[in-house]
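Colleague: Below is one structure. I have some questions about it.
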Amino acid sequence: MGAEETLKLLRQSSTYVSGEKISSSLNLSRTAVWKHIQSLRAMGYDIKAVRNRGYLLVDETAVLSPDKLQARLNEACIPITIDHTASLPSTQTKAMRLAAEGAPAGTAVTADEQTGGRGRLGRPWSTPFGTALAISVIFRPEMDMREAPTATLTAAAAAAEALEELGFTPQIKWPNDILLNGKKVCGILTEMQGEEDRVSSLVMGIGINVNTREFPEALQDIATSLAIVRGSSVSREEAAFRLLSRLHERMEQFQHEGFQAVRPVWEKHALSHPKPVTVVQNRRKLKGMMKGIKADGTLLIETEDGEVHSIVSGGIDIT
């Protein structure tokens with residue numbers, strides 16, 4: 001409670017608030033005030049401290065308020081329930097567990113930090129505290145396993161739309177990487193549970209680099225963030241709301257009308273083709289020209305000999 005009340009005082013002022021004023025207003029010791037400031041900083045609030053002046057709330061865009069996000073979703077009549085934890089090994093792992101336990105469709109697991117996030121093919125996905133979006137949403141569609149690839153493309157289309165609404169120009173690299181200025185800003189992981197050929201639950205895990213300012217050296221040439229592209233911080237709450245809104249809308253469309261209804265959105269944001277690419281599939285490389293996708297979401301690659309190959313899974317490198 002003390003941290004929340006301290007935050008309210010800071011929000012009410014556009015200038016520095018002295019520790020003495022906070023202490024007297026909230027009937028707290030100066031030591032308690034300092035602890036609350038440290039707690040708020042750990043949550044992602046950018047609070048500047050200057051001796052003899054006090055504390056100034058500089059920026060809170062790094063903070064994702066699950067209560068505010070839930071209120072906006074409720075107001076927009078979007079049936080998604082936020083399940084937020086400050087730090088998790090993986091939102092996807094928790095969402096898969098909740099799905100197996102019977103959690104309803106629309107459950108969205110979020111976290112400010114992932115310590116063991118994962119992407120496609122088991123690759124690690126970094127989510128430093130307060131800098132990115134890490135969201136895994138449970139769906140329970142009436143579909144069979146063969147439709148899973150197009151569900152993933154649907155999520156990519158929704159993510160691209162959300163970024164466009166935020167003022168960016170995203171491009172989708174098949175099947176589900178979202179690029180800004182040629183660098184990856186968003187990744188999507190789709191996992192299923194079911195019996196025989198039917199899907200009982202589908203978990204869409206989406207990670208977006210929002211306010212990440214620095215990347216490890218190995219990723220600097222291939223990764224970016226919304227803040228890097230814009231040159232200023234982006235509200236994680238706004239990004240999450242846009243993403244969940246579009247994801248709900250497009251998955252509803254997918255479930256009732258099929259991927260063909262969503263396909264134009266995916267193609268609108270897809271990398272232009274023909275484009276020279278290298279497909280990496282089961283340690284085998286195939287070079288050719290990307291020619292688009294089929295109705296089932298498979299990628300079409302035309303090699304030098306004129307043969308057109310249908311690529312069901314794998315990754316592509318732009319050459």
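The values are calculated or read from the model by the stated rules, or taken from the named source; none is laboratory data. None of these values were measured; they are calculated from a predicted model. Cβ: placed from backbone, ideal geometry, glycine included. Neighbour counts: every protein chain shown.
Colleague: State whether the residues of region 211-219 include one that is of a type in the set (F, W, Y), outside any strand (DSSP E or B) and either at pLDDT 95 or above or crowded, with 20+ Cβ neighbours inside 10 Å (or both).
Modeller: No - not one qualifying residue is present in region 211-219.
Colleague: I'd like to verify a number: residues in region 223-250 that are surrounded by 21 or more Cβ atoms within 10 Å (Cβ to Cβ), assigned to a helix (DSSP H, G or I) and of a type in the set (G, A, S), how many?
Modeller: Number satisfying all stated conditions: 2.
Colleague: Would region 92-111 turn up any residue that is under 30 Å from E5 (Cα atoms), in a strand (DSSP E or B), modelled with pLDDT under 95 and not polar (S, T, N, Q)?
Modeller: Looking for residues that are under 30 Å from E5 (Cα atoms), in a strand (DSSP E or B), modelled with pLDDT under 95 and not polar (S, T, N, Q), one finds at least one in region 92-111, hence yes.
Colleague: Only one of (1) farther than 20 Å from S245 by Cβ; (2) touching a residue at least 60 places away in the same chain (Cβ under 8 Å) is not met by L73, so which one is it?
Modeller: Failing condition for L73: (1).
Colleague: Oh, and also: Go through region 34-56 and give me each residue that's modelled with pLDDT of 95 or more and in contact with a Ser or Thr (Cβ under 9 Å, 6 or more places away or on another chain).
Modeller: R53, G54, Y55, L56
Colleague: Same structure again: Specify which of the listed residues (T169, T154) is of a type in the set (S, T, N, Q), at pLDDT 90 or above, buried (at least 18 other Cβ atoms within 10 Å of the Cβ) and assigned by TED's automatic domain parsing to the domain that holds Q253.
Modeller: Matching residue, one of T169, T154: T154.
Colleague: On to the next question. Would you tally the residues in region 241-262 being without any contact (Cβ under 8 Å) to a residue 40 or more places away in the chain and either closer than 17 Å to P170 by Cα or touching a Cys at 6+ places or on another chain (Cβ under 9 Å) (or both)?
Modeller: The total comes to 0.
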